[in-house]
Amino acid sequence: MKVSKHHYALELAERNCRVFFIEPPNLSHKGITVTSCDDHPLIRIVKYKPVFRGKRFLPGVLYKFLLKMQANLLVRKISMSPDVVWSFHGYLFEDLKLFGAPVNIFFAADQFFYDEIPPEIGSADITLAVSDTIFDRIHQSGKKVFQINHGLQKQFVSGAQELLKLGLPARPVKNIVAGYTGNLRMEALDRLTMMEVIKVNPDIKFIFWGSYKKHDLNLGGMQDTDADTFIDFLEKSPNVDLRGVVKSEQLQQEMKEADLFWLCWNIGVNILWDGSNSHKILEYLSTGAPVVSHYVSSYKNSESLYMLPEKNNSGYVKLFSKIVNKVKEGEQTEMIKNRLSFAIDNAYLKNVEKIELLISHGL
C-alpha cells in the first residue's frame, strides 16, 4: 500500500528527478543496499541497518555523532550529493542538514506521537503540514509552517477530469449504494454508529473496500473483540458487500458503483486519530459523489463534505439519512462539479507545484 511519500517519490521521478527512497531503518538488514524500483526507472530503494541505536543510554554528543556517521554512509553509498532532502519521518535523523543538501523539506503527513515537535523541523528550510491540527502544533512552537493537503493519485485525477468534461447532470437515484474504503480494523472507526447506519438503512447497499481479514492487514489494525464483532456484523448483514483489498486501479473503477461515500471515526480515540484529515476524502470527491463525514477540521470552511458541525457523532445517523434523501432527489450539478474540481486541484502534481512555489518564495 502506497502512502504520501511513495506518491511524491513517483511524481518527482515523473519530472525527471533521480529519487533515492530511503526506507525506515531495519535491524535485520545487512549494511546498506541500493536497488532499482519496479515502479519507475529513476527511483532507487535504499535499505540500511542503522549504526545509531541506544539514544536513551548514550551521551547526546555521541548519539549526534552516530547520526552524522549514518548520513555520511548513506550519501557515500548513493554516490552523489543530494540536491534536496525530503523527510516524512520525524524523530529519526533529527538534523536534516547532516546530508549536506542545499534544500531541506520536512513534511508532517501524520500527527506526532510525542508532546514535542520533531527536531527535524528546526533544520528544515520549509515545513509542511497535512492538516490544520498539525499546522497549529508546529506554528505554536514558533516555527514557520505551511499547510498542504493530502494528494490524489493519477488514476483518480484522470477519472475526475473525465467526469468534469462530461458535465454530469443532477439525477435522482432510487436504489442507493454507499461506499467505504479503508482498513476496517483501524482503531479510529466509530463501529457502533456505523452498525446503526447499516441497520436503519436496509434498502441501501453498503460496499466496503479494504482490509478486514486479520492476515490482510498491511498498516496494522485492531484484532480485539470489538473489531471481530464489527466484522462479523458486516459479514452477516444482507445489505453489505465486503470486497476486501483491491489494487488502486481496480478500486478507482469499482468506486463508480457508489452514489455516496461515508467516513465515520471516533475522533480523539488517540492522538493519531484526531479526525482532522484523511487521504480517502480526495478519492471520494474524485467520483463527484457526496461524502457524509464526522467533523473534519481541515475541511471546516469547505463545502466539499456533508459533515457534522462538531466532534460529537450523536447526530451522524440523522445526517446520513438527510443526505440519502438529497441523493434520491438529485443534487445540483454545480455541487458535483465543485467536488471534482477540488479533487483535481489536490493532485500530487499540483501539490508538488505548490511546494515548489513556496520554496522559491521562501529560500
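The values are calculated or read from the model by the stated rules, or taken from the named source; none is laboratory data. Only a predicted model underlies this, so the values are computations on that prediction, with no experimental measurement involved. Every residue, glycine among them, receives a Cβ derived from its backbone with ideal geometry; neighbour counts consider all protein chains shown.
So is LYS328 part of a loop (DSSP other than H, G, I, E, B), surrounded by fewer than 17 Cβ atoms within 10 Å (Cβ to Cβ) and in the same structural domain as LEU166 (by TED's automatic domain parsing) or not?
On the way: part of a loop (DSSP other than H, G, I, E, B): no; surrounded by fewer than 17 Cβ atoms within 10 Å (Cβ to Cβ): yes; in the same structural domain as LEU166 (by TED's automatic domain parsing): yes.
Judged against the criteria, LYS328 is not a match.
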### Task
Would you confirm whether any residue within segment 102-112 is of a type in the set (S, T, N, Q) and touching a residue at least 40 places away in the same chain (Cβ under 8 Å)?
yes
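With the requirement that a residue be in a loop (DSSP other than H, G, I, E, B) and in contact with a Gly (Cβ under 8 Å, 6 or more places away or on another chain), what does segment 120-143 give you? Spell out how you get there, then give the answer.
First pass over segment 120-143, keeping only residues in a loop (DSSP other than H, G, I, E, B): 124-125, 130-131, 141-143.
Result: ASP125, LYS143.
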### Message
Here is a check on your reading of the model: is VAL317 hydrophobic (A, V, I, L, M, F, W, C) and part of a helix (DSSP H, G or I)?
### Response
yes
### Message
Return the residues of segment 279-320 that are closer than 24 Å to GLY167 by Cβ and of a type in the set (Ser, Thr, Tyr); say none if nothing qualifies.
### Response
TYR284, SER286, THR287, SER302, SER304, TYR306
### Task
Within segment 58-79, identify whether any single residue is within 26 Å of ALA108 (Cβ to Cβ), in contact (Cβ under 8 Å) with a residue 60 or more places away in the chain and not β-branched (Val, Ile, Thr), and answer yes or no.
no
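Residue-wise test of (1) within 29 Å of TYR348 (Cα to Cα); (2) at pLDDT 95 or above; (3) touching a strand residue (DSSP E or B) at 6+ places or on another chain (Cβ under 6 Å).
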| position | (1), (2), (3) |
| --- | --- |
| ARG18 | yes, yes, yes |
| SER36 | yes, yes, no |
| PHE52 | no, no, no |
| LEU74 | yes, yes, no |
| ASP83 | yes, yes, no |
### Failed item, numbered, when GLU329 is tested on (1) modelled with pLDDT under 95; (2) within 17 Å of the chain's Cα centre (by Cα); (3) not small (Gly, Ala, Ser)
(2)
## Note on the structure
When (1) surrounded by 15 or more Cβ atoms within 10 Å (Cβ to Cβ); (2) of a type in the set (Ser, Thr, Tyr); (3) outside any helix (DSSP H, G or I) are applied to SER81, the one that fails is (1)
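Each row is one residue, and each column tells you yes or no for (1) more than 30 Å from LYS97 (Cβ to Cβ); (2) outside the structural domain of SER298 (by TED's automatic domain parsing); (3) of a type in the set (Lys, Arg).
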site: ILE126; (1), (2), (3): no, yes, no
site: HIS139; (1), (2), (3): no, yes, no
site: PHE146; (1), (2), (3): no, yes, no
site: LEU166; (1), (2), (3): yes, no, no
site: ARG171; (1), (2), (3): yes, no, yes
site: MET195; (1), (2), (3): yes, no, no
site: ILE198; (1), (2), (3): yes, no, no
## Note on the structure
Selection from segment 280-308 of residues within 17 Å of THR133 (Cα to Cα) and either outside the structural domain of LYS326 (by TED's automatic domain parsing) or not in a helix (DSSP H, G or I) (or both) yields HIS294, TYR295, VAL296, LYS300, ASN301, SER302
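Residues that are crowded, with 19+ Cβ neighbours inside 10 Å: find the strands (runs of 3 or more DSSP E) completely inside segment 165-260 holding 1 or more of those.
On the way: elements: 177-181, 205-209, 240-244.
In segment 165-260, 177-181, 205-209 are the strands (runs of 3 or more DSSP E) which contain 1 or more residues that are crowded, with 19+ Cβ neighbours inside 10 Å.
Taking the condition at positive phi and either in the same structural domain as GLU116 (by TED's automatic domain parsing) or assigned to a helix (DSSP H, G or I) (or both), does GLU94 pass?
Values: at positive phi: yes; either in the same structural domain as GLU116 (by TED's automatic domain parsing) or assigned to a helix (DSSP H, G or I) (or both): yes.
When the stated conditions are applied, GLU94 passes them.
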### Task
Quick one: count up the residues across segment 109-124 that are under 21 Å from the mean Cα position of the chain (by Cα) and either of a type in the set (Gly, Ala, Ser) or not assigned by TED's automatic domain parsing to the domain that holds LYS144 (or both).
1
### Summary
Selection from segment 50-70 of residues surrounded by 13 or more Cβ atoms within 10 Å (Cβ to Cβ) and of a type in the set (Gly, Ala, Ser) yields none
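Can you say whether ILE359 is outside any loop (DSSP other than H, G, I, E, B), within 18 Å of MET186 (Cβ to Cβ), out of contact with any Lys or Arg (no Cβ under 7 Å at 6 or more places or on another chain) and in contact (Cβ under 8 Å) with a residue 60 or more places away in the chain, as far as the supplied structure shows?
Working: outside any loop (DSSP other than H, G, I, E, B): yes; within 18 Å of MET186 (Cβ to Cβ): no; out of contact with any Lys or Arg (no Cβ under 7 Å at 6 or more places or on another chain): yes; in contact (Cβ under 8 Å) with a residue 60 or more places away in the chain: yes.
Considered against the rule, which asks whether it is outside any loop (DSSP other than H, G, I, E, B), within 18 Å of MET186 (Cβ to Cβ), out of contact with any Lys or Arg (no Cβ under 7 Å at 6 or more places or on another chain) and in contact (Cβ under 8 Å) with a residue 60 or more places away in the chain, ILE359 comes out as no.
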### Task
Considering each of ASP241, ASP224, ASP232, ASP203 in turn, give the residue that is under 21 Å from GLY315 (Cα atoms), without any contact (Cβ under 8 Å) to a residue 40 or more places away in the chain and in the same structural domain as GLU162 (by TED's automatic domain parsing).
ASP203
